[in-house]
1. Can you pull out the GluC sites (Glu not before Pro) in segment 54-124 whose DSSP state is coil and whose Cβ has at most 10 other Cβ atoms within 10 Å?
2. Given labels modelled 7 Å from the Cα in the Cβ direction, how far is it in nm from ILE81 to LYS59?
3. Mind giving me the nanometre distance, one decimal, between the label points for GLN11 and LYS120, set 7 Å out from Cα along Cα→Cβ?
4. How big is the charge dipole of the chain about its Cα centre, in debye rounded to the nearest 20, if each Lys and Arg gets +1 on its Cβ and each Asp and Glu gets -1 on its Cβ?
5. Would you kindly state how much longer the chain becomes between ASN24 and HIS107 on full extension, computed as 0.36 nm times their sequence separation minus their alpha carbon distance, in nm to one decimal?
6. Taking loop as defined by DSSP and a crowding limit of 10 other beta carbons within 10 Å, which trypsin sites (Lys or Arg not before Pro) in segment 1-97 fit?
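What follows draws every value from the coordinates through simple rules; no lab data is involved. This is a predicted model, so every value here is computed, not measured. Glycine gets a Cβ as well: all are built from the backbone with ideal geometry, and neighbour counts include every protein chain shown.
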Amino acid sequence: MTTWLNQLEYQPLISIILPTYNSNLDHLSDAVNSVKNQSYPNWQLCIADDNSNDKKLKKWLHSLVSDERINVRYRESNGHISEASNTAIDMAKGEFIAFLDHDDELHVHALAAVVGELNKCPEI
């Protein structure tokens, strides 16, 4: 897979938008790990915490920024999923964005499949 990915001419940055609010830490961890384990490495994870009051969750989110591809912003007021998503979108630097819910998981080759199709049809 790595050889195939390295040969792709077009390798855009994909920003993944992930709003969260007092999320179940086990599910959120699985969602984040599904991004970190992508075979396609050119991604950015934009997490917007919608003013959660769970201190354990906030501490865990803070630990994620050791990976420079992960950005976390803490909202000062609860704006629900729309405003939290917009906050995450404001952090996005990619040519494309993808949305991920706090309890979803991406297949390990999800982004690679998308980029493969973009290389087949670059006018998309």
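1. Taking segment 54-124 and a limit of 10 other Cβ atoms within 10 Å, the loop GluC sites (Glu not before Pro) found are GLU68, GLU76, GLU123.
2. 2.9 nm
3. Distance between the two pseudo-spin positions: 2.1 nm.
4. 380 debye
5. 27.9 nm
6. Counting only loop positions with at most 10 other Cβ atoms within 10 Å, the trypsin sites (Lys or Arg not before Pro) in segment 1-97 are LYS93.
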